[in-house]
Each structure stands twice: as C-alpha cells, then as structure tokens.
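The values are calculated or read from the model by the stated rules, or taken from the named source; none is laboratory data. Small disclaimer: the values here were computed from a predicted structure and weren't measured. Neighbour counts run over all protein chains shown; Cβ positions are idealised from the backbone, glycine included.
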Amino acid sequence: MKNFDLHNDTKIPTGFKIPENYFDSLEERVMQRISFDENKIATGFKVPDQYFDSLEEKVMQKLPLETKEVKVISLWQRKSVWISSIAAVFLISLGTLYFFNQQDSTDLTISSDYLAYQSDITTEDIALQLTDEDITALESELTTFDSETETYINDYLN
C-alpha cells in the first residue's frame, strides 16, 4: 500500500511557471491592449449613393412586359362529378346501415320452434329415450357430495 502512496508525497515539477502576482494585474493589462474606440471594424459592404432611389425602376425594367394568360378550371364546371360522388357515398352508407342492422329471421324462427317443442317434453320421455349405458355414463360423470360438503352447504344456506 505504501508503494501506491509514494506519488502523493513527492512534488513533480510540471515545467510551467508564472510570475508572481500575474493574475492580479491580468484584467488591467488585457483592457489596456483592447481599445474599443480606436479599432472600429468596417463591415466591408458599402451601398452606392442613391441606390435605393433607382432600384424600383431597374427591377421593373428586367421584368417581362407580356403576361401569359392562365387557363382557369372552375370547380362548378364539374358539378356532375360532385353530385354523383355524393350520391354514391349516400347509397353506400344506407346499404351498410341496412346490412349491419338486419336480423336473421330464420335464427329467430328456429329458436322459437325449438323452445316450443322442448317445453312439451317430460322427464318420462327422456327416461324412455335413455339406455342403460347412457344412465351409467351419466352417473359416473355426476359428482357425489361428501359429508363435509353437505355440512358446509347446510351451515351457510341456513
């Protein structure tokens, strides 16, 4: 550890030195060298005398005197295109509203017929249709209640 701290104890000269009180008088010396009043910088651009008086005339001479006639297409000339496009959008919107709001009458008829037919079936009719194999399959699928489940139901339902 001591080997690493050796560089902290010795002062290595950098080779750069400044005179004493150098920074104390630095601002004054810089301000003496800069003279704002003496050295005015010229812009490098100079406008000739009466340049802006004759500028408009020179520009107008360079412009072409002939004007080209521009072809104008009015939007009202294409009125039939606008009317037909609006009519097409209107018909498409009506068609989509009719299509999406349409109910399927066959589904309603089938479901009402099914409910009417099924309400007439009794448990005896169902028992006649089931075979012994069907009944054993149903019994195996049914879950039997444990005594714990039965007491749980009795406690919380009463």
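So here's what we get for this one:
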read-out	value
Test: Thr96 is modelled with pLDDT of 80 or more, out of contact with any Ser or Thr (no Cβ under 6 Å at 6 or more places or on another chain) and either part of a loop (DSSP other than H, G, I, E, B) or surrounded by 10 or more Cβ atoms within 10 Å (Cβ to Cβ) (or both)	yes
Flag for Phe52 being loosely packed, with under 10 Cβ neighbours inside 10 Å, in a loop (DSSP other than H, G, I, E, B), modelled with pLDDT under 80 and of a type in the set (Phe, Trp, Tyr)	no
